[in-house]
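The structure under discussion appears below in the form of structure tokens.
The values are calculated or read from the model by the stated rules, or taken from the named source; none is laboratory data. A quick note: this is a predicted structure, and the numbers were derived from the prediction, not measured. Ideal geometry is used to build each Cβ from the backbone, glycine not excepted, and the neighbour counts take in all protein chains shown.
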Amino acid sequence: MIIDIKNLNYIYNPNTPFEKKALDNVNISINEGDFIGLIGHTGSGKSTLVQHLNGLMKPTSGSIIVDGINISEKGSSLREVRHKVGLVFQYPEHQLFEESVYKDIAFGPKNLGLDDKEIDKRIKDAMELVGLDFESLKDRSPFELSGGQKRRVAIAGVIAMKPKVLVLDEPTAGLDPYGRDEILDEIKDLFKKEGITIILVSHSMEDVARLVDRILVMDKGRLVMDDTTREVFKRAPELEKIGLGIPQITKFMRRFKEKGNNIDDNILTVEEAKEELLKFLRRKKDA
């Protein structure tokens, strides 16, 4: 188990008229190699939760243990925790500041006290993992790049730290469809190649359905669902009740079945739907 969250509570502005309970008795266990989707409507507690995972926020009560380190305890090494848990915020390109792509990605590894040879290797590896050409881009200003490239530079800067857990808070926000698909494909490849634990915060049910194996659903600061992707999306009425939905293709296949068509409607992606509809058409043809 890489992260163990027990009875986690967080209150904004305690003992004031603006007091608000953002996390309410949250319990989650995350294993190494998990690919998790974290979903919930705006204000459900998602961002507050992920900022607890590397010690940016401290619990009001409860505990968070990251790879054996209890963040909640006095004297715990937050520096070490932040090496283990890399957090990529929404619009991470706003955090770019160096004069070249190379220097920006090198910032984190340098702070780890690594030698130049290891830093250079980490930068090359991180750029390759996010689909950036090292030779043509290393000396370019990150501010000259496209939105998608800036996003990848920012993600590469976190990957170069070699965290055990990568938390991505809406990594495709503001990108065009092509840029979004590129980033998501690279995240998927990163998971396959590195076996890193990934937590993806997203409002897109399609992206979550396509990528993750397990979904955590937040509502009003509480964890209300924790199950496999397929099982969570079977609970459409409950999701809709808290302001969420299911992938459009899943909705289409369920309506298609309701019209009397003999198909498996437990479908999550367009690719799965295509295969199921082709089977359906072949059965009709052979009947």
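Give me a count of the residues in region 64-77 that are in contact (Cβ under 8 Å) with a residue 24 or more places away in the chain and either surrounded by fewer than 20 Cβ atoms within 10 Å (Cβ to Cβ) or not hydrophobic (A, V, I, L, M, F, W, C) (or both).
Restricting attention to region 64-77, the residues satisfying the condition of being in contact (Cβ under 8 Å) with a residue 24 or more places away in the chain are 64-67.
Adding the requirement that they be either surrounded by fewer than 20 Cβ atoms within 10 Å (Cβ to Cβ) or not hydrophobic (A, V, I, L, M, F, W, C) (or both) leaves 65, 67.
Matching residues across region 64-77 total 2.
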- Item | Residue tally, condition modelled with pLDDT of 95 or more and either among the aromatic types (Phe, Trp, Tyr) or under 30 Å from residue 192 (Cα atoms) (or both), over region 13-31 | 6
- Note on the structure: A careful count of residues in region 1-11 that are surrounded by fewer than 18 Cβ atoms within 10 Å (Cβ to Cβ) and modelled with pLDDT of 95 or more gives 5
- Kindly indicate whether residue 136 is among the hydroxyl-bearing types (Ser, Thr, Tyr) and either within 24 Å of residue 67 (Cβ to Cβ) or in contact (Cβ under 8 Å) with a residue 24 or more places away in the chain (or both). no
- Message: I need every pair where a residue in region 18-33 that is free of Cβ contacts under 8 Å to residues at least 40 places away in the same chain and in a strand (DSSP E or B) has its Cβ under 9 Å from the Cβ of a residue that is loosely packed, with under 13 Cβ neighbours inside 10 Å and hydrophobic (A, V, I, L, M, F, W, C), sequence separation at least 6 or different chains.
- Response: 29/1
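Free of Cβ contacts under 8 Å to residues at least 12 places away in the same chain and assigned by TED's automatic domain parsing to the domain that holds residue 217 - does that describe any residue in region 48-63?
No, that holds for no residue.
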- Query: Tell me, which helices (runs of 4 or more DSSP H) lie completely within region 91-172 with 1 or more residues that are modelled with pLDDT of 95 or more?
  - Reply: 101-111, 116-129, 134-137
- Message: Can you go through 195, 179, 174 and tell me which one is closer than 16 Å to residue 147 by Cα, surrounded by fewer than 20 Cβ atoms within 10 Å (Cβ to Cβ), touching a residue at least 60 places away in the same chain (Cβ under 8 Å) and not hydrophobic (A, V, I, L, M, F, W, C)?
- Response: 174
